[in-house]
1. Given the condition within 26 Å of residue 96 (Cβ to Cβ) and of a type in the set (D, E, K, R), answer yes or no: does some residue in the range 40-50 qualify?
2. Identify, by number, the condition in (1) of a type outside the set (Gly, Ala, Ser); (2) modelled with pLDDT under 95; (3) under 20 Å from residue 38 (Cα atoms); (4) over 16 Å from the mean Cα position of the chain (by Cα) that residue 134 doesn't meet.
3. Residues of the range 256-277 being open to solvent by 40 Å² or more (accessible area, probe 1.4 Å) and among the polar types (S, T, N, Q), which ones?
4. Can you tell me which condition residue 206 does not meet? The list is (1) surrounded by fewer than 22 Cβ atoms within 10 Å (Cβ to Cβ); (2) farther than 16 Å from residue 279 by Cβ, and all the others hold.
5. If the requirement is being charged (D, E, K, R), more than 20 Å from the chain's Cα centre (by Cα) and within 25 Å of residue 111 (Cβ to Cβ), which of these qualifies: 36, 59?
6. Any residue that is over 11 Å from the mean Cα position of the chain (by Cα), under 25 Å from residue 58 (Cβ atoms), in contact (Cβ under 8 Å) with a residue 12 or more places away in the chain and open to solvent by less than 10 Å² (accessible area, probe 1.4 Å) - is there at least one of those in the range 74-86?
7. Got a sec? Which of 287, 253 is farther than 30 Å from residue 141 by Cα, among the hydrophobic types (A, V, I, L, M, F, W, C) and buried (at least 16 other Cβ atoms within 10 Å of the Cβ)?
8. Does at least one position in the range 43-60 carry a residue that is assigned to a helix (DSSP H, G or I), touching a residue at least 60 places away in the same chain (Cβ under 8 Å) and open to solvent by 20 Å² or more (accessible area, probe 1.4 Å)?
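The values are calculated or read from the model by the stated rules, or taken from the named source; none is laboratory data. This structure is a prediction, so every number in the text was calculated from the model and none was measured. Virtual Cβ from ideal backbone geometry, glycine too; neighbours counted across all protein chains shown. Accessible surface areas use protein heavy atoms only, side chains included; no ligands, DNA or RNA. Shrake-Rupley method; radii C 1.70, N 1.55, O 1.52, S 1.80 Å.
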Amino acid sequence: MEGSNTGAETIQALYEETARIASVYPRVPLNEVLSDLIEAQDITFVQLEGRQKPAQSKDLYVLAGVLSLMLAKASHDTGDPQSAMKQARTAAICADQAEHPGLMVRVRAQQSLMAYWAGWTSEAARYATAAEGLAEHSTGSGAVWLASQTARTWAALGDGEKALHTLNRAEDLRAAVEPDDLDGMGGLMRFAPCRQAYYEAETRIWVPGEEDQAKQSAQRAVSAYESAHEQNSDDWAFGDEAGARADLAFAHVCLGEVEGAREALAPVLDLPAQQRISGILRSVMRVHEPLRRPEYTGSAVVRQLREEIETYAQTPAAAITAGR
């Protein structure tokens, strides 16, 4: 009824749908939410082509940016980093048009994350450092996300000292965080403490001598995700819990605790194909690397675990969502 003149009711409806998708996305297979996500983005951009007050245009750009950011994650989850980066650039343009530092910080963190998993670590560092100045503003938990992502990027680049220093900065930001409007959406837009513990473990597994600390951080993350799942909290994310379990398994292997690694990884290997998103597959395959060390030669248990990992990785979620 509002037609081409976008009104408050239309924007509120779009906000509620965007928040619903942000909340449910981390908890369900991608094929259950992708169509709704695409439709919501289409509608939002159509509304931007109409007429509205300046304040409402800003609201629409924020929503378009959030939806584009989630579509970038969807492409990333299906192993298509090139498309993911294109969609993230759209999100960045929307954040700039909306003059919303909290959204821009989250976009840069997501861009850095996607480059990190694609193996483009220098590119990941560039995106992470691009928004450091913005993180000093009121950007909610997005600032904690950016610092945590920056830490694991430095660790992957071999600068363990800088990585551990940045982890401490993330802790300081957590203590001082003031939730912003995007935190209110929950789910993907809120960088929960359990996710921060996962990123800490992910950082420490790259740093020589940090295996015990990585194991402790990963166990803390797994326990927090298990609790969030039991409480049906939208802080729970099956992908991040799987990543934390894979990091725990990696730390166990590095410490010579193969049975512990097998126990940690078992729930991940039991995930159905539609939940085998790109980040999970890469986390699981990383465990495969230390299992090939000379000290494990001849171990039947290790050989079986390697074979289970290889079989698991042969059917990614992209095979299920292709064509949607």
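1. yes
2. Checking residue 134 against (1) of a type outside the set (Gly, Ala, Ser); (2) modelled with pLDDT under 95; (3) under 20 Å from residue 38 (Cα atoms); (4) over 16 Å from the mean Cα position of the chain (by Cα), the one that fails is (3).
3. 274
4. Residue 206 satisfies every listed condition except (2).
5. Result: 59 is the single residue among 36, 59 that is charged (D, E, K, R), more than 20 Å from the chain's Cα centre (by Cα) and within 25 Å of residue 111 (Cβ to Cβ).
6. No, the conditions are met nowhere in the range 74-86.
7. Testing whether each residue is farther than 30 Å from residue 141 by Cα, among the hydrophobic types (A, V, I, L, M, F, W, C) and buried (at least 16 other Cβ atoms within 10 Å of the Cβ) leaves just 253.
8. No, that holds for no residue.
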